[in-house]
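The values are calculated or read from the model by the stated rules, or taken from the named source; none is laboratory data. Worth saying up front: this structure is predicted, and the values here are computed from it rather than measured. Please note: Cβ atoms are built from the backbone with ideal geometry, for glycine as well, and neighbour counts cover all protein chains shown. The area values use the complete protein model at the heavy-atom level, side chains included, leaving out ligands, DNA and RNA. Shrake-Rupley method; radii C 1.70, N 1.55, O 1.52, S 1.80 Å.
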Amino acid sequence: MNILVLNVGSSSLKFQLMDTDAERMKENTDRRLARGQIERIGGEAVWSFRAGDAAPVKGSAPLKDHRAAVEYLLAWIVADDSDVEIHSLAEIGAAGHRVVHGGEHFVHSVAIDDAVMRGIEETIELAPLHNPANLKGVQAVKAVLGPAVPQVAVFDTAFHHTLPERAFLYAIPYSLYRRHRVRRYGFHGTSHRYVAYRWRQITGTPREAQKIITLHLGNGCSACAIRGGESIDTSMGFTPLEGLVMGTRSGDLDPALLDYIAEKEGLNLAGVETLLNKQSGLLGISGLTNDMRELLAEAEEHDDRRAWLAIEIFCYRVRKYIGSYLAAMGGADAICFAGGIGENAPAVRAMICEEMEWAGIKLDPAANHACNGVEARISAEGAKPEVWVIPTDEELLIARDTFRVINGLETRY
Ligand code: ADP
């Protein structure tokens, strides 16, 4: 079945067209027929599309809203000259959406109906930037493909619903949890879930026996402790701001700083929040860029002190989280790197794993440096926990969940 996978943001969208079904899942032969993205929706939008593994084609078009964007990308998919295998919209059997926040209500992927739409709306106050865009994506697909095409929501928070209270509650008055659902939710769930699933598959490990730490290091970064195939702790919290140092986010800090920074900088609370979300992390420390690849180049070529400092603080924070999750689980069988940085930056992986031999973590330097964006074990022979690189594939899980939900199959696999 051809499934349109969508990740819709406030002025952008990413899509993939996947071909999957029960047989393909079993054989691991799911196919990626097309993928691409559209940015700056609302004005002169910029798009980049590619059929299969062909070179991307790029262009711009005035797209006034998400519906126009979905119409535009679907028209490209079925056009004869796009070289995508399908030629009519009727060949698209379903759509799967990445939805950022499912609150406490949505603990697995669900078929979208009016009640689910209302449920996602009710969660808007928890994710004011993301959930409204996700809803627009659902409405756009409904308008373009028609209401008969089933749509499924796959939540970024859902994988973390297994966190025990001791991991998800903050040590603040319990009434805040009861009254306002103030707790840690965690994000990047589909990515952590994919990496955990894939590691079990590669190593032939049964779900119940799994004890690993997954590290999603991209623009946003998070760590996850996974036991028995379930998330038992994760570094992002009520919002994605908590935890690791990220491209532009600070991660953990002393909450008393909010008031202090506000007063010193003449900002209101919203201004401080923007500073912590958009002007901090790698960008804030280096004063140069939020992009790890550029930062590494700057550090190496010009020996820029603050570029090194940003990288060092980034790696040190990840190492501390590895240590705390080893303590939380009484050790681990593997540490798995994913995300743009985790998959492609051997130098960062090496810095993170430095001085961790006390815990058994020892990289094979040659294997680490040879590994760029592919699945590989990069730890020294016999070292435990093993260290792996497992490129994430959230779209694959979203497509598979979509197929499974609309066919009444279990999504926990
Ligand atoms: P997102 O979280 O938006 O999906 P990605 O997972 O693509 O982002 O990760 C983006 C990050 O990965 C950026 O900091 C980018 O510099 C970094 N990255 C990508 N390729 C490399 C590379 N070869 N070396 C170092 N960092 C890289």
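Considering the stretch 360-413, the residues that are farther than 19 Å from Pro346 by Cα, within 16 Å of the ligand (Cβ to nearest atom) and touching a strand residue (DSSP E or B) at 6+ places or on another chain (Cβ under 6 Å) include one that is least open to solvent (accessible area, probe 1.4 Å), namely Ile398.
Give the residue, chosen from Gly266, Gly229, Gly247, that is within 14 Å of the ligand (Cβ to nearest atom) and not aliphatic (A, V, I, L, M). Write out each step before concluding.
On the way: Gly266 fails: within 14 Å of the ligand (Cβ to nearest atom); Gly229 fails: within 14 Å of the ligand (Cβ to nearest atom).
Answer to the selection: Gly247.
Of all the residues in the stretch 264-290, those that are closer than 17 Å to Gly251 by Cβ and open to solvent by less than 100 Å² (accessible area, probe 1.4 Å) number 13.
With respect to Ser48, is the statement that it is under 21 Å from the mean Cα position of the chain (by Cα), farther than 14 Å from Leu4 by Cα and without any contact (Cβ under 8 Å) to a residue 40 or more places away in the chain true? So Ser48 fits the description; yes.
Among residues of the stretch 89-117 that are buried (at least 21 other Cβ atoms within 10 Å of the Cβ), those with a beta-carbon under 6 Å from a residue that is of a type in the set (Phe, Trp, Tyr) and outside any loop (DSSP other than H, G, I, E, B) at least six positions away or on a different chain give the pairs Val99/Phe155; Gly102/Phe155. With respect to being modelled with pLDDT of 95 or more, touching a Ser or Thr at 6+ places or on another chain (Cβ under 9 Å) and away from the ligand (no atom under 12 Å from the Cβ), Ile285 falls outside the description.
Go through the residues of the stretch 191-201 one by one and say whether even a single one is at negative phi, modelled with pLDDT of 95 or more and either exposed (fewer than 14 other Cβ atoms within 10 Å of the Cβ) or part of a strand (DSSP E or B) (or both). Yes, there is a match, as at least one residue in the stretch 191-201 is at negative phi, modelled with pLDDT of 95 or more and either exposed (fewer than 14 other Cβ atoms within 10 Å of the Cβ) or part of a strand (DSSP E or B) (or both). Among the residues of the stretch 148-183, those that are surrounded by 20 or more Cβ atoms within 10 Å (Cβ to Cβ) and outside any helix (DSSP H, G or I) comprise Gln151, Val152, Ala153, Val154, Phe155, Asp156, Thr157, Leu163.
Here Trp388, Trp308, Trp358 are screened, and the one residue that is more than 26 Å from Glu242 (Cα to Cα) and of a type in the set (Phe, Trp, Tyr) is Trp358.
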